[in-house]
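What follows is a single structure, written as structure tokens, with notes after it.
The values are calculated or read from the model by the stated rules, or taken from the named source; none is laboratory data. Keep in mind the model is a prediction, meaning the values are calculated, not measured. Cβ coordinates were reconstructed from backbone atoms using ideal geometry, including for glycine residues, and neighbour counts include every protein chain displayed. Note: accessible area is taken over every heavy atom of the protein model, side chains too, but ligands, DNA and RNA are not part of it. Shrake-Rupley method; radii C 1.70, N 1.55, O 1.52, S 1.80 Å.
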Amino acid sequence: MNHDDALLNYLAQFDTPTICNALELIDPSYRTNGFTTEPLQCIYPDLPSIVGYAKTGTVSAIAPSKKSAAEQLENRINWYKYVDQNPKPSIVVLQDIDGERAGFGAFWGEVNSHVHRGLGAKGVITNGSIRDIQMNAVGFQMLAGSVMPSHAHVHIVDIACDVTVAGLSVQSGDLIHADRHGAVMIPHDAAMKIKEKIELIARKEEVIIGAAKKPGFNWEILSESIKKTLDIH
């Protein structure tokens, strides 16, 4: 399912915790699933939130691929072809399947960050590693398990498959929101409901935060402010 650019641009105005808060109001079950639950390093924390459709795959780096050189080239081209397909913009969600040695070799660096940005990707979420921090494509966000110096034997294994990165399970085409806090998957049927929930949250928070900024603020004023938010729907 594709959403219009206006909705994606709207969602990108907010940080990922706000999106999580809004999803909780839509369905309480989202309190415990659909977001990263293991820490990732945000390589460029000053970049704004990114929103896009998941391009999923798996990589391995601790040993060479068992495919022939020709097969490896074909697989790599197929990966880039997949990333270039609609829907766009995209966010690559790449699972390193090397277990405890995930991140041994970096798929992400100067070349792949520029290539993927050129193919419409806003960034990557991976439990693997990245490198070339100062040379990566400007504006391309990276949430990664580690930073490492070598690419080792890194190669694409599977394309457009179900993946799990940092506790977040993702399918190809899922709508993803990410920033320095981590990432959350926005169910397509919930995406259209988020705006009203964000506005509701803002009205409630304004009452409490506004009271907290006034002179003489104490627990009694806080208590009254909390009660007032119960009438905001």
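Computed quantities for the displayed model
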quantity: 23 Å Cα-Cα threshold exceeded, pairs from Lys81/Lys195; Lys197/Lys227; Lys193/Lys213; calculated: Lys81/Lys195; Lys193/Lys213
quantity: Neighbour cut-off at most 15 other Cβ (10 Å), DSSP loop, trypsin sites (Lys or Arg not before Pro), the range 47-92; calculated: Lys66, Lys67
quantity: Zone residues, the range 125-150, relative to Ala12, backbone N less than 18 Å from point 7 Å out along Cα-to-Cβ; calculated: 125, 137-143
quantity: Net dipole in debye of the chain [+1 Lys, Arg Cβ; -1 Asp, Glu Cβ; about Cα centre; nearest 20]; calculated: 200
quantity: Set of aspartates and glutamates with alpha-carbon distance to Lys122 below 17 Å, sequence-local pairs under 8 removed; calculated: Asp4, Asp5, Asp15, Asp46, Asp84, Glu110, Asp174, Asp179
quantity: Trypsin sites (Lys or Arg not before Pro) within the range 157-214, DSSP loop, no more than 12 other Cβ atoms inside 10 Å; calculated: Lys213
quantity: The range 159-233: relative contact order in percent, alpha carbon pairs under 8 Å with at least 6 residues between; calculated: 18
quantity: Met135 paired with Glu196, simple spin-label distance in nm, labels 7 Å along Cα-to-beta-carbon; calculated: 5.1
quantity: Antiparallel content of DSSP bridges confined to the chain, in %, to 5; calculated: 50
quantity: Heavy-atom accessible area order for Ile97, Ile50, largest first, 1.4 Å probe; calculated: Ile97, Ile50
quantity: Accessible carbon and sulfur surface of the range 61-208 relative to its total accessible area, %, 1.4 Å; calculated: 52
quantity: Neighbour-limited loop hits for chymotrypsin sites (Phe, Trp or Tyr not before Pro), the range 131-233 (at most 13 other Cβ within 10 Å; DSSP other than H, G, I, E, B); calculated: Phe217
quantity: Shape call, the range 89-129: gyration tensor on alpha carbons, a/c limit 1.5; calculated: oblate
quantity: Along principal axes, Cα extents of the range 151-193, largest first, whole Å; calculated: 44, 24, 14
quantity: Residue among Cys20, Gly99, Ile77 farthest towards the positive dipole end of the chain, charges placed on Cβ; calculated: Ile77
quantity: Theoretical FRET efficiency, 1/(1+(r/R0)^6), r = Cβ-Cβ of Leu73 and Arg203, R0 35 Å, to 0.05; calculated: 0.05
quantity: Electrostatic dipole magnitude of the range 129-222 [Cβ: Lys, Arg +1; Asp, Glu -1; Cα centre; debye, to 20]; calculated: 380
quantity: Length-normalised contact order for the range 32-128 - Cα pairs under 8 Å, 6+ apart - percent; calculated: 36
quantity: Accessible area (Å², per residue) of the chain, counting only protein heavy atoms and a probe of 1.4 Å; calculated: 52
quantity: Relative contact order of the chain, pairs being alpha-carbon contacts under 8 Å that are 6 or more residues apart, as %; calculated: 28
quantity: Surface accessible to a 1.4 Å probe, Thr32 within the full protein complex, Å²; calculated: 120
quantity: Computed [θ] at 222 nm, deg cm²/dmol, the chain (DSSP H ≥ 4; -39,500 (n - 2.57); rounded to nearest 500); calculated: -10000 deg cm²/dmol
quantity: The range 57-158, dipole about Cα centre (Lys/Arg Cβ +1, Asp/Glu Cβ -1), debye to the nearest 20; calculated: 180
